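What follows is a set of notes on a single structure, which appears directly below.
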Amino acid sequence: MQISDILDILEAVAPPQLQESYDNAGLIVGDPAAAATGVVFCLDSTEAVVEEAVRKGCNLVVAHHPIVFRGLKRFNGATYVERTVMQAIRREVAVYAIHTNIDNVHQQGVNARIAQKLGLTDTRILAPKPGLTEIGAGLLGRLPAPAGEMDFLRHLKSTLRTGCVRHTALREKPVQTVAVCGGSGSFLLPEALRAGADMFVTADFKYHEFFDAEGRLVIADVGHYESEQFTVELLYELVREKFPNFALHLTEVNTNPVYYF
Ligand SMILES: [Zn+2]
């Protein structure tokens, strides 16, 4: 089996052309025709994850976030990005990223997995691409029954195993319609408001952006890593379904750069 055979499975679900223009999803390091020895799945393909792959006898790292976003001009190991790329080339580990292309699909995408974990049903894309209902950013779903705001925040905190949920003022209203966007989702606030969401679950909201809720919904910022953590098992399951006996591993490295004190 070649590395490209594994990538084909992922790209059948989230074709690379669905990625946003600023993105760099795809095979970043490595030869697609090389024989695959095993895969490590992760959110961030850091040096520690490449090392883990080597240790486990795997020559492919499948990550959600692209390790290289902008052009690299030097390779002298001054930054973690340069070091990771150099190490991957040196150790012959291919590094692949499946990013906004899997954010943008409905079924089997990043947000469908979050919605499933939170128990949301009747999901639809929050901001569909023009003319497409199944492709776009964010997801809108419903809880089977209305929940109290504090109960839902507690549910978020435990389900997403986050040290902190930063949220706007509660509205003393039950929560039933919920918008979700894994990762940096503040750009979707207008769509979440327009869709009548009671709560918007995402990450990376800035101070001034919290004001924009204006009491019309509750913004719940659960942390970027925490919101996307289940993407790793999603990718793992997609490949396992087709190659159940191949060496596939969820990373054991916690790559979250944010700690809570
Ligand atoms: Zn992300």
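General remarks:
- Set F261, F210, F200: member being open to solvent by less than 10 Å² (accessible area, probe 1.4 Å), without any contact (Cβ under 8 Å) to a residue 60 or more places away in the chain and away from the ligand (no atom under 16 Å from the Cβ): F200
- Given (1) open to solvent by less than 50 Å² (accessible area, probe 1.4 Å); (2) within 22 Å of the chain's Cα centre (by Cα); (3) within 21 Å of V61 (Cβ to Cβ), index of the condition R240 fails: (1)
- When segment 81-136 is filtered for residues that are over 25 Å from R70 (Cβ atoms), part of a loop (DSSP other than H, G, I, E, B) and open to solvent by 70 Å² or more (accessible area, probe 1.4 Å), the ones remaining, listed by number, are Q107, Q108, P130, G131, L132, T133, E134.
- Qualifying residue in segment 200-208 (condition: part of a loop (DSSP other than H, G, I, E, B) and touching a Pro at 6+ places or on another chain (Cβ under 8 Å)): no
- Of the candidates V61, V54, V68, the single residue that is over 19 Å from the mean Cα position of the chain (by Cα) and modelled with pLDDT of 95 or more is V54.
- Test: V95 is more than 15 Å from the ligand (Cβ to nearest atom), closer than 19 Å to D23 by Cα and in contact with a strand residue (DSSP E or B) (Cβ under 7 Å, 6 or more places away or on another chain): yes
- Condition check for R154: among the basic types (K, R), more than 16 Å from the ligand (Cβ to nearest atom) and not in a helix (DSSP H, G or I): no
- Test: residue in segment 54-66 that is in contact with a strand residue (DSSP E or B) (Cβ under 9 Å, 6 or more places away or on another chain) and among the basic types (K, R): yes
- Complete set of residues in segment 98-111 that are closer than 17 Å to V239 by Cβ and away from the ligand (no atom under 11 Å from the Cβ): I98, N101, V105, Q107, Q108, G109
- Of residues in segment 24-41 being in a loop (DSSP other than H, G, I, E, B), over 15 Å from A247 (Cα atoms) and open to solvent by 20 Å² or more (accessible area, probe 1.4 Å), the one farthest from the ligand (Cβ to nearest atom): A33
- Among the residues of segment 160-197, those identified as at negative phi, assigned to a strand (DSSP E or B), within 16 Å of the ligand (Cβ to nearest atom) and open to solvent by less than 60 Å² (accessible area, probe 1.4 Å) are V180, C181, G182.
- Looking only at segment 42-70, residues that are farther than 23 Å from A137 by Cα and either assigned to a strand (DSSP E or B) or within 16 Å of the ligand (Cβ to nearest atom) (or both) come to 5 in all.
- Every pair of residues 6+ apart whose Cβ atoms lie under 6 Å, when the first sits in segment 75-104 and is over 19 Å from V39 (Cβ atoms) while the second is within 16 Å of the ligand (Cβ to nearest atom) and at pLDDT below 95: none
- Whenever a residue of segment 217-241 is under 24 Å from D151 (Cβ atoms), its partners that are assigned to a strand (DSSP E or B) and basic (K, R), lying with C-beta atoms within less than 6 angstrom and at least six residues away or across chains, give the pairs D221/R166.
- Residues (of a type outside the set (S, T, Y) and either in contact with a Phe, Trp or Tyr (Cβ under 6 Å, 6 or more places away or on another chain) or within 16 Å of the ligand (Cβ to nearest atom) (or both)) located in segment 213-230: L217, I219, D221, V222, G223, H224, E226, E228, Q229, F230
The values are calculated or read from the model by the stated rules, or taken from the named source; none is laboratory data. Since the structure is predicted, the reported quantities are computational estimates derived from the model, not experimental observations. With ideal geometry, Cβ positions are generated from the backbone for all residues, glycine too; neighbour counts draw on all protein chains shown. What goes into the accessible areas is simple: the full protein's heavy atoms, side chains included, and nothing from ligands, DNA or RNA. Shrake-Rupley method; radii C 1.70, N 1.55, O 1.52, S 1.80 Å.
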